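The values are calculated or read from the model by the stated rules, or taken from the named source; none is laboratory data. Since the model is a prediction, treat every value here as computed from it, not as a measurement. When we count neighbours, we look across all protein chains shown, and the Cβ atoms used for this are built from the backbone with ideal geometry, even at glycine.
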Amino acid sequence: MMWQAIKRWRWALLAVAVLLAGLAVAFWPEAAPVDTGRVTRGPMAVGITDDGVTRAEDFYVVSAPVTGYLTRIELEPGDTVARGALVTVMTGQPSMPLDPRSSREARSALAAARAAESGAAAALAQSRRDLSRAEQLAGRGFLPRAQLEAARTRVAGDVAALQQSRAETARIAAMLSEPTGPAARPVPVRAPAGGSVLSVITESEGVIAQGTPLMTIGDPRRIEAVVDLLSREAVRVKPGDRVEITEWGGQEPLVGRVTRIEPFGRLKISALGIEEQRVNVIVGFDPAEAGKAARLGHGYQIDATVILWSAKDVLRVPIGALFRGEDGSWHAFVVEGGRARERKLDLDHVNDEFGEVRGGLAAGETVILNPANAVTDGARVEAR
């Protein structure tokens, strides 16, 4: 009886089975496409990267020794100069001509000064005659000693007044004289050290003040780098740390060493308007890199990475595979049999590319990079 019922409804049952199979296929969870990476062994380093500039180790600024007239500087950047070589010559500032009104006032003052000089000379002549008569009377005992000393004092005072009047007359006369050129002898300006001219700051001739920068001189073969780090990062750096210089124009990075960390921090405003305390870290190049470093000049921009830790052979996982679990520790998804399996990891050092694995993964395993929220423990996945 059952067989007959099945035979009678066989087409209906077949249709239901096909429908159920289609529904199962339609609602069966598909494997999520994911990006994958490998757990590998290899070198790894942790460092601090920031931008910096190069500068000559011995850097000199040549300044004007006096206020006066500067002769045009003929040297160009890149020219070689020896220690003590003549850079340029300065002379005293020329006299300035007077305008008509000032000239008339000065001539009137000169006439008054000459009149005062004549009066002072007449007063001196009279005081000297009085002194001569006083000395004669004193010699015969008819004049007290106090009056004789008073006569001598008047002569001394009239001599001083005459000298003052003559000095004032000479000053005003010099003011009225026509300018005749420099008032002082030439002053040579010499290079304080040998090297190359890095820049010419004041090239054209003209009157300049004392202390005005004229040019900079340095040795381009002796180059060092200055990297400004955040103060909280600079405290992690110590002299002797390895530094890799990149983005300098060459294919391979330049290798240097930290020579010193300046003890003074300065305020710097970042491009986002954030106040930062920055510290200069001075980097010297290894002797083997001196030839390459000589291609750099003063003020060239570079990127520098100060290596704080490095190892030649460690187990490492791509940084994109790491995420924080609910317990706050590092986790990663491993692909096993087409399914994602969550692993808790024991990590040590982490840089921009890898994390050093101490436990939880083995070399050669496949991990999921940047897992989406749909990827959970046990979910079916397939590599893109």
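The strands (runs of 3 or more DSSP E) located wholly in region 5-113 that include 1 or more residues which are β-branched (Val, Ile, Thr) and modelled with pLDDT of 75 or more occupy 32-38, 40-56, 59-63, 86-91. The set of residues from region 231-254 being buried (at least 17 other Cβ atoms within 10 Å of the Cβ), within 14 Å of Gly47 (Cα to Cα) and aliphatic (A, V, I, L, M) comprises Ala234, Val237, Val243, Ile245. Considered as a group, the residues in region 331-384 that are of a type in the set (Asp, Glu) and more than 43 Å from the chain's Cα centre (by Cα) include one that is surrounded by the most Cβ atoms within 10 Å (Cβ to Cβ), and that residue is Glu365. If you go through region 54-84 and keep only what is within 26 Å of the chain's Cα centre (by Cα) and of a type in the set (Phe, Trp, Tyr), you end up with Phe59, Tyr60. Contact annotation: residue pairs with Cβ atoms under 7 Å, 6 or more positions apart or on different chains, pairing a residue in region 64-78 that is within 15 Å of Ser196 (Cβ to Cβ) with a partner that is part of a loop (DSSP other than H, G, I, E, B), are Ile73/Glu203.
Hey, can you tell me all the residues within region 258-291 that are more than 20 Å from Arg232 (Cα to Cα) and either at pLDDT 90 or above or assigned to a strand (DSSP E or B) (or both)? If the condition is that a residue be more than 20 Å from Arg232 (Cα to Cα) and either at pLDDT 90 or above or assigned to a strand (DSSP E or B) (or both), then Gly284, Phe285 are the ones that fit. Within region 187-231, being of a type in the set (Lys, Arg) and in contact with a helix residue (DSSP H, G or I) (Cβ under 8 Å, 6 or more places away or on another chain) holds for one residue alone: Arg221.
Count of region 33-59 residues, restricted to those that are touching a Pro at 6+ places or on another chain (Cβ under 9 Å) and crowded, with 17+ Cβ neighbours inside 10 Å, is 4.
For first residues located in region 116-137 and under 22 Å from Glu168 (Cβ atoms), partners that are of a type in the set (Lys, Arg) and at pLDDT 80 or above and lie 6+ apart or on another chain with Cβ distances below 8 Å form the pairs Glu117/Arg166; Ser127/Arg154.
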